[in-house]
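J.: Mind looking over this structure? Questions follow.
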Amino acid sequence: MSMEGNVALVTGGSRGIGRAVCVELARRGAAVAVNYAGNSRAAEETVQLCRALGVEAEVFQADVADSAACDTLIAAVRDRFGRLDILVNNAGVSRDSLLMTAKEEDFSKTLDTNLKGAYFCTRAAARVMLRQKYGRIVCLSSVVGLRGNPGQTAYAASKAGVLGLVKAAAKELAGRDITVNAVAPGLIETDMTAALPDKAKQAMLATIPKGRPGSPEEVARAAAFFAEKESAYITGQVLCVDGGMAV
Ligand code: NAP
């Protein structure tokens with residue numbers, strides 16, 4: 001399926017799953033706007049990987065936790081590429097700690113980035129997509145948002161919140177050929193999970209029927225599926241990419 005003529009914005013496209021999503025969308029022919037927070041070198045590398053596939057790509061710095069910055073980001077992408085067909089809300093952080101020792105600032109940072117970030121970008125993108133009468137929005141949730149996980153109350157709350165956002169926005173936007181879906185990865189090998197203590201990783205691995213972590217590319221294929229024009233009749237859905245973890 002070709003995405004030629006489509007313009008995609010991937011938040012947190014500089015590394016990990018976001019980078020793999022950028023590359024997968026580029027491979028399918030979409031022009032790619034690569035958002036990042038602070039890691040400009042990694043974002044530039046993603047852009048080079050996309051351009052090597054023959055598509056246009058540019059970096060766009062913005063903190064998705066900042067409402068005004070998200071409005072500016074979407075406007076900048078639309079000004080540069082003329083339209084916005086695909087938004088992948090991928091930017092995310094995890095600040096893990098047990099409920100009884102968690103700091104409020106970590107809870108706020110996690111919610112602000114993972115949930116409010118997805119909200120701000122979805123709202124700004126929807127303004128453009130409603131006028132176009134076309135759009136594909138994909139949000140990165142998590143198996144942790146479906147099932148919870150000890151030590152991850154803030155992260156789980158943010159990712160469960162994303163699912164509510166997806167379902168409500170899907171219903172609001174369906175009439176204009178705008179779909180909103182979620183991908184819920186399990187344990188994927190990225191910088192985020194490299195930071196997990198070995199004990200926590202082993203405990204998670206033991207719950208994966210496939211017996212191994214997933215790759216960013218395996219998640220990217222699911223995100224790209226939702227982003228296809230031909231996926232028009234699928235909205236408000238959650239697709240787990242988790243080796244059977246959430247079954
Ligand atoms: P990662 O390797 O830690 O990369 C995080 C990305 O998000 C980076 O590109 C980072 O940009 C960007 N980012 C962070 N805060 C941001 C902000 N305020 N504004 C804009 N960009 C920001 O993470 P990952 O493992 O690829 O995870 C990607 C998404 O999948 C996240 O939403 C995560 O919660 C979700 N997920 C991951 C797993 C997993 O096992 N890895 C499982 C389930 C769900 P910089 O490079 O500029 O810092």
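The values are calculated or read from the model by the stated rules, or taken from the named source; none is laboratory data. Predicted model only: the values in this text are computed from it and were never measured. Here Cβ is always computed from backbone atoms with ideal geometry, including for glycine, and neighbour counts include all displayed protein chains. Please note that ligands, DNA and RNA were not included when accessible areas were found on the heavy atoms of the full protein model with its side chains. Shrake-Rupley method; radii C 1.70, N 1.55, O 1.52, S 1.80 Å.
J.: Checking the conditions here, which among 99, 84 is more than 14 Å from the ligand (Cβ to nearest atom) and under 19 Å from residue 174 (Cα atoms)? Lay out the reasoning, then the answer.
T.: On the way: 99 fails: under 19 Å from residue 174 (Cα atoms).
One residue alone meets the criteria, 84.
J.: Ok, one more. Which one is nearest to residue 113 (Cα to Cα), of the residues in the range 150-186 that are away from the ligand (no atom under 16 Å from the Cβ) and open to solvent by less than 20 Å² (accessible area, probe 1.4 Å)?
T.: It comes out as 169.
Condition check ((1) of a type in the set (D, E, K, R); (2) touching a Lys or Arg at 6+ places or on another chain (Cβ under 6 Å); (3) free of Cβ contacts under 8 Å to residues at least 40 places away in the same chain) across all residues:
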| residue | (1), (2), (3) |
| --- | --- |
| 96 | yes, no, no |
| 100 | no, no, yes |
| 106 | yes, yes, no |
| 110 | no, yes, no |
| 115 | no, no, no |
| 141 | no, yes, no |
| 144 | no, yes, yes |
| 156 | no, no, yes |
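J.: Also: Has the range 108-126 got at least one residue that is farther than 29 Å from residue 232 by Cβ, away from the ligand (no atom under 11 Å from the Cβ) and surrounded by 15 or more Cβ atoms within 10 Å (Cβ to Cβ)?
T.: Yes.
J.: Within the range 7-34, track down each residue that is at positive phi and in a helix (DSSP H, G or I). Please lay out each step first, then the result.
T.: Pass one, the range 7-34, residues at positive phi: 12, 16, 29.
16 - this is the single residue of the range 7-34 that is at positive phi and in a helix (DSSP H, G or I).
J.: In the set 189, 218, 228, which member is modelled with pLDDT of 95 or more, of a type in the set (D, E, K, R) and open to solvent by less than 50 Å² (accessible area, probe 1.4 Å)?
T.: Numbers: 189 fails: open to solvent by less than 50 Å² (accessible area, probe 1.4 Å); 218 fails: open to solvent by less than 50 Å² (accessible area, probe 1.4 Å).
After ruling out the rest, the residue left standing is 228.
J.: Also, quick follow-up: I want to confirm something. Restricting to the range 6-19 and keeping residues that are more than 11 Å from the chain's Cα centre (by Cα) and either open to solvent by less than 20 Å² (accessible area, probe 1.4 Å) or closer than 12 Å to residue 56 by Cβ (or both), which single residue is nearest to the ligand (Cβ to nearest atom)?
T.: We begin by selecting, within the range 6-19, every residue more than 11 Å from the chain's Cα centre (by Cα); these are 6-8, 14-15.
Adding the requirement that they be either open to solvent by less than 20 Å² (accessible area, probe 1.4 Å) or closer than 12 Å to residue 56 by Cβ (or both) leaves 6-8, 14.
Details: 6: 21, 7: 19, 8: 15, 14: 4 Å.
Of everything passing the filter in the range 6-19, 14 is nearest to the ligand (Cβ to nearest atom).
J.: Just name the residue that is farthest from the ligand (Cβ to nearest atom) out of those in the range 61-72 that are open to solvent by less than 60 Å² (accessible area, probe 1.4 Å) and touching a helix residue (DSSP H, G or I) at 6+ places or on another chain (Cβ under 7 Å).
T.: Restricting to residues being open to solvent by less than 60 Å² (accessible area, probe 1.4 Å) and touching a helix residue (DSSP H, G or I) at 6+ places or on another chain (Cβ under 7 Å), the top hit is 71.
J.: If you go through the range 35-60, how many residues are near the ligand (Cβ under 9 Å from one of its atoms), under 16 Å from the mean Cα position of the chain (by Cα) and either touching a residue at least 60 places away in the same chain (Cβ under 8 Å) or not in a loop (DSSP other than H, G, I, E, B) (or both)?
T.: The number of residues fulfilling the criteria is 4.
J.: If you go through the range 132-149 one residue at a time, do you hit one that is among the polar types (S, T, N, Q), surrounded by fewer than 18 Cβ atoms within 10 Å (Cβ to Cβ) and assigned to a helix (DSSP H, G or I)?
T.: At the first step, the residues of the range 132-149 found to be among the polar types (S, T, N, Q) are 132, 141-142, 149.
Then drop every residue that is not surrounded by fewer than 18 Cβ atoms within 10 Å (Cβ to Cβ), which leaves 132.
Filter once more, keeping what is assigned to a helix (DSSP H, G or I): 132.
Looking through the range 132-149, at least one residue is among the polar types (S, T, N, Q), surrounded by fewer than 18 Cβ atoms within 10 Å (Cβ to Cβ) and assigned to a helix (DSSP H, G or I).
J.: Now a separate question. Could you list, in sequence order, the residues of the range 162-172 that are hydrophobic (A, V, I, L, M, F, W, C) and without any contact (Cβ under 8 Å) to a residue 60 or more places away in the chain?
T.: Of all residues in the range 162-172, those hydrophobic (A, V, I, L, M, F, W, C) come to 162-163, 165-166, 168-170.
Residues satisfying the conditions are 165, 168, 169.
J.: In the list 167, 159, which residue meets the criterion of being among the charged types (D, E, K, R) and under 22 Å from residue 94 (Cβ atoms)?
T.: Working: 167 fails: under 22 Å from residue 94 (Cβ atoms).
159 is the lone residue from the list that is among the charged types (D, E, K, R) and under 22 Å from residue 94 (Cβ atoms).
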